[in-house]
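For reference, the structure is listed below as structure tokens.
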Amino acid sequence: MDASPIYRLPQDILHQIFSNLPLRQIILCRSVCKFLDQTLTSPSFIHIISTQPPLHLLALRPSHHHHHRHVSPNPTIHVFDPDQHQWLRLPLNFLPFPCPQPVASSLGIVYLWADLPDSNKSLVACNPLTRQYRVLPQLGSAWSRHGSVLVGSPNRVLVLTELAALYYSGSNNNWLKFSSNLPSKPRSPILVSDSVLALCDIGSPWRSQWKLFTCTLTALQSSHAWTRLEKHEWGDVFDILKRPRLVKGIGNRILMIGGLKSSFSLNASCSTILILRLNLETLEWDEAGRMPPEMFRCFQESSKFKVFGGGNRVCFSAKRVGRLALWDYSSESGKGEWRWIDSVPVVLCDLLEDNASNLSLEENYNPIARAS
């Protein structure tokens, strides 16, 4: 049988045809066959589509424990496109490292912990579409186990723990180490422009008391870089939420999310999940959204739920829920809308069931950005 006519088309014609597709369709076409995969990942084609607008994708990765329990010969990042309500797969088989573990992403670059040949750990920055990657200077295994990885603009990475912080800017190709001096282990730290924000528990072993701390990247060299961000007008804003955590919002806004306590008692139950929004310029809070009662009933039986996201979209997962809840503030109505993501791929269902998933949102995923 004669080969398909598509194989006889000149490469420039193929590039012209496929360059008219949206990026999400180009990603899907790469999975059709080896021929299209090679055609749509060639440097010349990547250059042609480099001006296409970015995507906003929700990326899901297994936890470190689950990742090593089920080693896959073809590691993949599963991403969800909220605009098309569609799942996509971004293969990582171009990386020459065993068990790469994605931990963060920014502007189309995905950052992973990888095992190097000398049994050491290092962060790797890669672009799943162009298949380019760069290995950052080596770090000890303790940083990969206990450090939170924060990324901003290209070549700016921060690994943060309670006691110390490592900063990499790419200018001198090494890590700068500074003392953190935080009062407790930082919860859900985020990087907003040149500022790092984190929640810290300054309470007692019997009762948590969460406060918001911040520092600038330029102030990291100071032994007293962190300051408590608070105003008298805020009142009990930190006391009304159970297990609060931070998520990066749009521009200079951050989101604080947790269970809304029904009372101020020690073991108070929650009536719903509340999303508060802080404007870092005016230092004023407002309510961005609260989960509808019929949706929250699915989360009531779980003692813990996971929050992940960024920008104007936030997702929630919990044990035995089996699907994701999405808060979407990107609609033209000017208010957040709630909906279920119940088309989770079968391969990911066990992650949601045992609550072992660790998820993040690509706030502005431009898969054309370079990793070098």
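The values are calculated or read from the model by the stated rules, or taken from the named source; none is laboratory data. What you are looking at is a predicted structure, and each value in this text was computed from that prediction instead of being measured. Reconstructed Cβ throughout: ideal geometry from the backbone, glycine too, with neighbour counts over all protein chains shown.
In the set 317, 265, which member is among the polar types (S, T, N, Q) and crowded, with 21+ Cβ neighbours inside 10 Å? Steps first, answer last, please.
Working: 265 fails: crowded, with 21+ Cβ neighbours inside 10 Å.
On inspection, the qualifying residue turns out to be 317.
Filtering the range 271-303 down to residues that are farther than 21 Å from residue 249 by Cβ and in contact with a Lys or Arg (Cβ under 7 Å, 6 or more places away or on another chain), which residue is modelled with the lowest pLDDT?
If we take residues in the range 271-303 being farther than 21 Å from residue 249 by Cβ and in contact with a Lys or Arg (Cβ under 7 Å, 6 or more places away or on another chain), then 302 is modelled with the lowest pLDDT.
Of the residues 264, 299, which single one is without any contact (Cβ under 8 Å) to a residue 40 or more places away in the chain and either out of contact with any Asp or Glu (no Cβ under 8 Å at 6 or more places or on another chain) or assigned to a strand (DSSP E or B) (or both)? Give the derivation first.
Values: 264 fails: either out of contact with any Asp or Glu (no Cβ under 8 Å at 6 or more places or on another chain) or assigned to a strand (DSSP E or B) (or both).
Answer to the selection: 299.
In this structure, is residue 88 surrounded by 16 or more Cβ atoms within 10 Å (Cβ to Cβ) and outside any strand (DSSP E or B)? Before you say what the answer is, go through the steps one by one.
Values: surrounded by 16 or more Cβ atoms within 10 Å (Cβ to Cβ): yes; outside any strand (DSSP E or B): no.
The answer is no for residue 88.
State the number of residues belonging to the range 36-53 that are farther than 16 Å from residue 131 by Cα and loosely packed, with under 14 Cβ neighbours inside 10 Å.
Number satisfying all stated conditions: 2.
Report whether or not residue 177 is of a type in the set (D, E, K, R), part of a strand (DSSP E or B) and either surrounded by 14 or more Cβ atoms within 10 Å (Cβ to Cβ) or outside the structural domain of residue 314 (by TED's automatic domain parsing) (or both). Show your work before the answer.
On the way: of a type in the set (D, E, K, R): yes; part of a strand (DSSP E or B): yes; either surrounded by 14 or more Cβ atoms within 10 Å (Cβ to Cβ) or outside the structural domain of residue 314 (by TED's automatic domain parsing) (or both): no.
Considered against the rule, which asks whether it is of a type in the set (D, E, K, R), part of a strand (DSSP E or B) and either surrounded by 14 or more Cβ atoms within 10 Å (Cβ to Cβ) or outside the structural domain of residue 314 (by TED's automatic domain parsing) (or both), residue 177 comes out as no.
State yes or no: is residue 218 of a type outside the set (A, V, I, L, M) and in a strand (DSSP E or B)?
Values: of a type outside the set (A, V, I, L, M): yes; in a strand (DSSP E or B): no.
Criteria not met by residue 218.
Condition (residue is out of contact with any strand residue (DSSP E or B) (no Cβ under 8 Å at 6 or more places or on another chain), in a loop (DSSP other than H, G, I, E, B) and among the hydroxyl-bearing types (Ser, Thr, Tyr)) applied to the range 223-244: is it met by at least one residue?
Among the residues of the range 223-244, not one is out of contact with any strand residue (DSSP E or B) (no Cβ under 8 Å at 6 or more places or on another chain), in a loop (DSSP other than H, G, I, E, B) and among the hydroxyl-bearing types (Ser, Thr, Tyr), which makes the answer no.
Keeping to the range 92-121, report how many residues are in a loop (DSSP other than H, G, I, E, B) and not charged (D, E, K, R).
The number of residues fulfilling the criteria is 15.
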